Amino acid sequence: MIRAVVLDLGGVLASGEGVTAEPAALLGVPEEEFARLYWEGRTDYDLGLPDSAYWGPLLEALGKPAAVETVQQLAKLDADLWLRLLPEPRQLLADLRAAGMTTAVLSNAPFNLDMGLIEADFADEADYWFVSAAMGVAKPEKAAFHRVTEVLELAPGEIAFLDDKDHNVEAAERYGWRAHQWTAADDARAWLASLGVLAPAS
């Protein structure tokens with residue numbers, strides 16, 4: 001029996017729209033070049049690398065001064081862009097709680113996003129927020145799923161998980177969670193209904 005539903009943030013609850021376009025425009029550089037550098041160092045940033053150690057080399061590679069003010073501006077903009085929830089997934093989160101499910105968000109994200117949750121108007125819409133930088137471990141590592149399971153005090157088979165990345169879904173399944181790749185809110189609802197978590201759509 002499923003007792004908790006865990007959702008990813010980026011690519012599920014939030015689209016991440018503009019995460020490379022807006023900072024590239026701010027810096028006056030081609031988005032393609034910015035995006036390449038942005039994703040190259042993202043894993044370490046999501047594991048807790050300081051802002052200066054991530055944004056500094058990125059700015060230097062773009063031929064821009066790595067001023068403290070610029071680093072802070074980019075870090076805040078990045079967190080703000082990832083913390084824009086989409087209406088349909090946000091409603092799904094609300095419906096899960098109304099159905100009596102424990103809800104959690106498990107995201108590979110830096111400290112700045114974790115701090116941004118303090119002021120986010122939706123922070124209390126999930127029971128738990130797990131951010132990789134704060135945990136020191138990220139999906140698809142087994143330890144990330146173990147940490148969530150431990151905090152929720154549930155058996156792995158009592159947790160359902162939705163993530164847009166297939167390797168995260170596969171890793172969750174190997175750990176023992178019931179997992180499904182996110183493509184759209186309607187598809188997620190249908191899967192959750194098949195697990196008896198939500199009522200089937202009429």
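The values are calculated or read from the model by the stated rules, or taken from the named source; none is laboratory data. No experiment lies behind these values; they were computed from the predicted model shown. We place every Cβ from the backbone using ideal geometry, glycine too, and count neighbours over all the protein chains shown. Note: areas computed on protein heavy atoms with side chains; ligands, DNA, RNA excluded. Shrake-Rupley method; radii C 1.70, N 1.55, O 1.52, S 1.80 Å.
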> Are there any pairs with C-beta distances below 8 angstrom linking a residue in segment 159-175 that is farther than 17 Å from residue 104 by Cα and without any contact (Cβ under 8 Å) to a residue 24 or more places away in the chain to a residue that is open to solvent by 40 Å² or more (accessible area, probe 1.4 Å) and among the basic types (Lys, Arg), with the two at least 6 apart or on different chains, and if so which?
Replying inline: none
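For (1) farther than 24 Å from residue 45 by Cα; (2) out of contact with any Leu (no Cβ under 9 Å at 6 or more places or on another chain), each residue gets a yes or a no:
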position	(1), (2)
125	yes, no
133	no, no
153	yes, yes
161	no, no
179	yes, no
187	yes, yes
>> With within 25 Å of residue 98 (Cα to Cα) and touching a Pro at 6+ places or on another chain (Cβ under 9 Å) as the only criterion, which of 179, 123, 199, 190 stands out?
In response: 190
